[in-house]
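Each reported figure results from applying straightforward, stated rules to the coordinates on display, with no laboratory input. Not measured: the values here are computed from a predicted model. Counting neighbours? That spans all protein chains shown, and the Cβs are built from the backbone with ideal geometry, glycine included.
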Amino acid sequence: MKKFFVFLIGIILLAIMVVVGTLTYQGYSLYKEAIEETSISEKIEEIKNEKENYTTYDNLPQDYINAVVAVEDRRFFEHNGIDLISITRAVIKDIKERELVEGGSTITQQLAKNTYFTQKKEFTRKIAEIFMAFEYEKVCSKEEIFELYINTMYFGDGYYCIYDAVEGYFDKKIEEMDLYECTLIAGIPNAPSVYAPTKNPELAKQRQAQVLNKMIKYKYISQEEADKILNKM
């Protein structure tokens with residue numbers, strides 16, 4: 001009986017290895033096909049040419065940068081494109097739910113998805129996204145990756161970059177945003193149709209509170225600063 005269980009475990013492990021190997025190969029093939037069609041350098045040039053109001057990293061308020069990093073990818077300036085801690089946590093949750101409900105994606109992975117792949121949740125695309133994230137990290141600085149990210153994200157209400165979103169929601173220039181506005185807009189891309197303040201103001205405020213709590217947790221702002229924003233809400 002003991003030998004049978006050892007054999008069974010061996011078969012299960014082998015099956016897992018085959019599945020993982022197959023998905024990895026398919027994901028890598030998808031990545032190679034995409035990168036051979038359009039290199040990272042060509043993609044960057046394409047984005048900058050297409051975006052009439054392309055915003056550079058230097059023009060972003062530090063509060064906005066901190067808010068995005070806190071709520072989306074707190075180890076952004078430390079990792080090499082993927083966050084193994086977040087991925088492990090996401091995989092455990094996905095296994096429990098028996099579907100791809102949480103991706104554990106970094107800002108770099110989200111950039112890879114936005115610029116090269118579809119939004120459909122599937123394991124092959126997630127793997128291709130990881131390979132592409134590594135490619136972005138090899139070619140670009142963290143600051144370049146961040147600015148490409150905020151220039152290709154959807155912010156709801158028809159706004160497909162940070163410049164248009166700030167102008168549309170606040171009638172301001174990006175550098176004029178205060179902490180309230182920075183934290184409100186930082187929370188939108190997670191689910192634009194849900195958190196766009198023009199669509200669901202109450203849900204937008206709830207998301208903003210999550211952003212503020214993350215900023216407190218990672219010591220970007222104090223509780224007192226957050227309370228001022230929360231009271232304003």
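Across the range 163-174, computed HN-Hα scalar couplings (Karplus, 6.51 cos²θ - 1.76 cosθ + 1.60, θ = phi - 60°) run 4, 5, 5, 5, 5, x, 7, 10, 6, 9, 7, 4 Hz from first to last residue, x flagging Gly and Pro.
Residues 23, 148, 60, 212 in ascending order of nearby Cβ atoms (within 10 Å, fewest first): 23, 60, 148, 212.
Cross-link reach is defined here as a Cα-Cα straight distance under 20 Å, omitting same-chain residues fewer than 8 places apart; for residue 51 the aspartates and glutamates meeting it are 42, 143, 144, 147, 157, 164, 167, 171, 175. Neighbours of residue 168, meaning other residues whose beta-carbon lies under 13 angstrom from its beta-carbon, give a summed charge of -2 when Lys and Arg score +1 and Asp and Glu score -1. Peptides 67-77, 35-45 ordered by packing proxy, namely the average of other Cβ atoms within 10 Å per residue, highest first: 67-77, 35-45. Pull up all non-local amide H partners of residue 106: gap of 5 or more, or a different chain, and H-to-H distance under 5 Å with H placed in the peptide plane. Sorted by chain and number, the residues that satisfy this are 83.
Taking a ≥ b ≥ c as the square roots of the Cα gyration tensor eigenvalues, the range 116-201 comes out oblate, since a/c reaches at least 1.5 and a/b does not exceed b/c.
Which of the pairs 48/142; 138/219; 138/217; 48/172; 48/232 have their Cα atoms more than 27 Å apart in this structure? Result: 138/219; 138/217; 48/232 exceed 27 Å.
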